[in-house]
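Data block below; observations after.
The values are calculated or read from the model by the stated rules, or taken from the named source; none is laboratory data. These figures come from a predicted structure and were not determined experimentally. No Cβ is skipped: glycine too gets one built from the backbone with ideal geometry, and neighbour counts run over all protein chains shown.
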């Protein structure tokens, strides 16, 4: 196992990952074109249900993952591989990323969007070492949005535009955040209509963030807008871009977020836990642990006359924590 990785090694892995993401994205787009033409084979039309009616897998998910896995095995046979489709077939979900050089892949994030030909689907590839996502590749081929990052080298949109897109200067967080912010969230796959379950808690939190200032017993956030793309990794990419100010979600697995966290972190964003601590106003704001399944992301932020970018991000975290409910997405066996 490598304890340290040279600049040259990481550069080589980054170059390989960028090319791999482009090839995998091309496969996704070719499969989508078959859906558009109505000539896709029967196995692709028959979506396989995994856990419930919104947790689906298609033949494309499995084909793209098999391609990515084989390419990585040929190039880096000593590296570990964690992919959504191969992992979801296993009997245990207790796995946590360890210190080994590891590829963490979602071959098709946004499968429901892909099935309905909503453009927000993508391939997501992350390279992780010593528990830290060092490289992130996210490619949404239908919209031709390609996000990439490598630790210490920057984060980019379509390989030429550095993230966040607005940089001179990078805007500070709004003074009255979350008012003035775009809030991104997902309904998720847990649709159980149980009293005070995750779905109920999410809906209450969404309404709190959206309601007028002073509403909801003082929890109204009056965000500019609420967006739901159906892809956690694309949510994170658009936070890194600066298009979304806040993303709050529970229930994600490592492959849902690893590439997005790599890109957002390199762009200067903040990722912490979705669940508010008991003393949300004063508790330390720590970087999230990959695999926690609970995420709150804040876009890159510039300085203002009264605070640094980090201070603005942390202020926004506490304002979100004040308005959202704790979610229960423990890891089985944990």
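Assorted remarks:
- Evaluation of residue 327 against (1) closer than 23 Å to residue 163 by Cβ; (2) crowded, with 17+ Cβ neighbours inside 10 Å (one fails), failing number: (1)
- Scope region 191-207; condition in contact (Cβ under 8 Å) with a residue 24 or more places away in the chain and assigned to a helix (DSSP H, G or I); matching residues: 198, 201, 202, 204, 205
- For region 112-142, the candidate set comprises residues that are within 16 Å of residue 67 (Cβ to Cβ) and within 13 Å of the chain's Cα centre (by Cα); within that set, the residue that is surrounded by the fewest Cβ atoms within 10 Å (Cβ to Cβ) is 139.
- Flag if residue 201 is in the same structural domain as residue 262 (by TED's automatic domain parsing) and either modelled with pLDDT under 95 or within 30 Å of residue 33 (Cα to Cα) (or both): no
- Residue in region 254-273 that is out of contact with any strand residue (DSSP E or B) (no Cβ under 6 Å at 6 or more places or on another chain), free of Cβ contacts under 8 Å to residues at least 40 places away in the same chain and over 22 Å from residue 147 (Cβ atoms) present: no
- Residues that are within 16 Å of residue 205 (Cα to Cα) and either surrounded by 19 or more Cβ atoms within 10 Å (Cβ to Cβ) or touching a residue at least 12 places away in the same chain (Cβ under 8 Å) (or both) are absent from region 229-243.
- Region 27-40 residues that are in the same structural domain as residue 65 (by TED's automatic domain parsing) and modelled with pLDDT of 90 or more, paired with ones that are assigned to a loop (DSSP other than H, G, I, E, B) and surrounded by 11 or more Cβ atoms within 10 Å (Cβ to Cβ) (beta carbon under 6 Å, 6 or more apart): 28/141; 29/141
- Scanning region 68-99 for residues that are in a loop (DSSP other than H, G, I, E, B) and at pLDDT below 95 returns 89, 90, 91, 92, 93, 94, 95, 96, 97, 98, 99.
- Number of positions in region 281-301 that are surrounded by fewer than 18 Cβ atoms within 10 Å (Cβ to Cβ) and within 19 Å of residue 180 (Cβ to Cβ): 0
- Residue ID - surrounded by the most Cβ atoms within 10 Å (Cβ to Cβ), chosen from residues in region 177-201 that are out of contact with any strand residue (DSSP E or B) (no Cβ under 7 Å at 6 or more places or on another chain) and within 15 Å of residue 321 (Cα to Cα): 177
- Condition met for residue 278 (under 24 Å from residue 165 (Cα atoms), surrounded by fewer than 22 Cβ atoms within 10 Å (Cβ to Cβ) and assigned by TED's automatic domain parsing to the domain that holds residue 266): no
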